[in-house]
1. Kirkwood hydrodynamic radius of region 44-92 from all distinct Cα pairs, in Å?
2. Along each principal axis of its Cα atoms, how long is the chain end to end? Whole angstroms, biggest number first, please.
3. Mean Kyte-Doolittle hydropathy of -1.0 or higher plus an axial Cα length of 18 Å or more: which whole DSSP H helices in the chain meet both?
4. Full extension from ALA302 to ASP151: what is 0.36 nm times the residue separation minus their Cα-Cα distance, to one decimal in nm?
5. Suppose only helical runs count, i.e. DSSP H with n ≥ 4. What mean residue ellipticity at 222 nm does that imply for the chain under -39500 (n - 2.57) per run, divided by all residues and rounded to the nearest 500 deg cm²/dmol?
6. Percentage of Cα-Cα pair distances in region 245-323 greater than 17 Å, rounded to whole percent?
7. With every protein chain left in place, what is the accessible area of LYS209 in Å² (1.4 Å probe, nearest 10)?
8. Can you give me the distance in nm between label points at ARG84 and VAL247, each placed 7 Å from the Cα along the Cα-to-Cβ direction?
Amino acid sequence: MMMQGPGGSPGPSSLQPASRELRIDILRGWALITILINHLSQVVEAGGLSTWLVPTPTRYGYSTAAELFVVMSGYMVGLVYLSRPHAMTAVLRRARTLWVYNLALLVLVLPLATIMTPAELSFWRLGSFLDDPARSIFQFVTLQRAPRLLDILLLYITLMLLAPAAIAIHHRSPRALMATTIALYLLAQLLTIRHVSADPTNNDDGILKLMSWQLLFFGAMGLGAWRVHTTLFKWLEENWPMLVLLVIIFAAGALAKVQDVARPEWLTGRYGLNLLRLGHAILMLLLYASLLAMAGRILRSAPLRWTALIGRHSLDCFAAGLLATYALGVLWDRAGGGRALYYVAVVTGILVTLAVAVFRERTRHGPKHGC
């Protein structure tokens with residue numbers, strides 16, 4: 001998701017270069033906005049507020065926006081870099097940039113830890129950085145652990161560092177890459193079930209989590225190299241009943257989630273990207289793509305152009321949203337909490353993210369109008 005690059009072409013707007021696929025940027029932007037809302041909701045839920053939270057698909061399904069984040073990240077790697085002569089070097093440079101960003105985020109977040117209560121330190125997973133800073137920082141810079149929210153970039157950096165191996169396989173045979181990533185995922189599911197059965201109290205997913213999530217990244221990378229979005233959007237545009245079917249499936253899943261319908265252990269797994277979570281993530285991706293394929297002129301509306309702008313500057317917007325979540329979360333608690341302040345925090349976080357996107361767009365391309 002954080003890669004910048006060309007795509008297809010639904011028609012230019014004042015904020016969208018004609019060489020880019022607007023709908024891909026919208027998907028990336030929507031993932032970032034949803035992640036921001038979900039994280040702020042987690043903050044207030046930890047503070048005791050659990051009703052009338054801003055609804056997102058996460059609250060009515062089995063996946064989160066993180067899956068879309070990882071899928072779009074891998075897809076952009078395949079779309080932008082795999083055709084370049086030095087693709088491996090490019091992704092390693094990007095991994096270095098992400099690592100620097102994550103380290104900068106830690107530096108900016110740590111001062112907040114000094115004013116947090118023990119409960120807040122536990123929630124944000126920052127307590128160890130005060131108790132044993134040298135060890136915790138070493139583990140952070142070596143990609144072993146991270147505070148809450150910063151672990152998203154940690155996973156992304158790790159996948160980017162592994163990308164050269166996946167690119168080498170892809171260069172030899174794209175189908176071999178798909179077979180390899182699927183096999184690793186299925187193996188991870190089998191090992192996860194055995195791991196949990198052996199020790200039901202163990203919540204450390206470690207390598208099993210990485211083996212599961214790599215499917216979203218490297219599978220999407222292969223699809224990006226094939227530029228499947230052009231075919232997918234065209235097919236969805238011509239098959240509107242698919243949108244109806246996807247909505248029905250989503251509604252059925254939402255009802256099952258609300259009713260807390262029992263699910264077999266092999267399908268849901270204790271942690272990681274279990275089969276149900278993977279299936280729901282694919283459903284949501286197809287549903288979003290179908291909605292965008294049928295959007296027509298709505299794609300040029302201000303909210304969607306703003307969302308695309310956030311998606312186009314995803315790394316800076318993710319960083320801004322993360323810092324906003326930390327700051328707004330602490331302020332929400334210090335101000336006494338409450339639903340009204342939660343809504344203010346959500347709106348403020350989105351506006352901060354959009355402001356960063358607008359600033360980055362204007363500093364990169366000069367002033368733009370209509371935003």
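The values are calculated or read from the model by the stated rules, or taken from the named source; none is laboratory data. If you're wondering where the values come from, they're calculated on a predicted model, not measured in any experiment. So basically every Cβ, Gly included, is an ideal-geometry build from the backbone, and we count neighbours across all protein chains shown. Accessible surface is based on the protein model in full, side chains and every heavy atom, while ligands, DNA and RNA are left aside. Shrake-Rupley method; radii C 1.70, N 1.55, O 1.52, S 1.80 Å.
1. Details: mean 1/r = 0.0723 Å⁻¹.
Across region 44-92, the inverse of the average 1/r is 13.8 Å.
2. Principal-axis extents of the chain (Cα, largest first): 53, 52, 47 Å.
3. Span-like helices here: 22-46, 65-80, 87-113, 150-172, 174-198, 206-225, 240-258, 275-293, 314-334, 339-365.
4. Numbers: separation 151, 0.36 × 151 = 54.36 nm, distance 3.20 nm.
Length difference between fully extended and current span is 51.2 nm.
5. Value at 222 nm, helices only, nearest 500: -24500 deg cm²/dmol.
6. So the portion of pairs separated by more than 17 Å is 65 percent.
7. In the full protein context, LYS209 sits at about 70 Å².
8. A separation of 4.1 nm, rounded to one decimal place.
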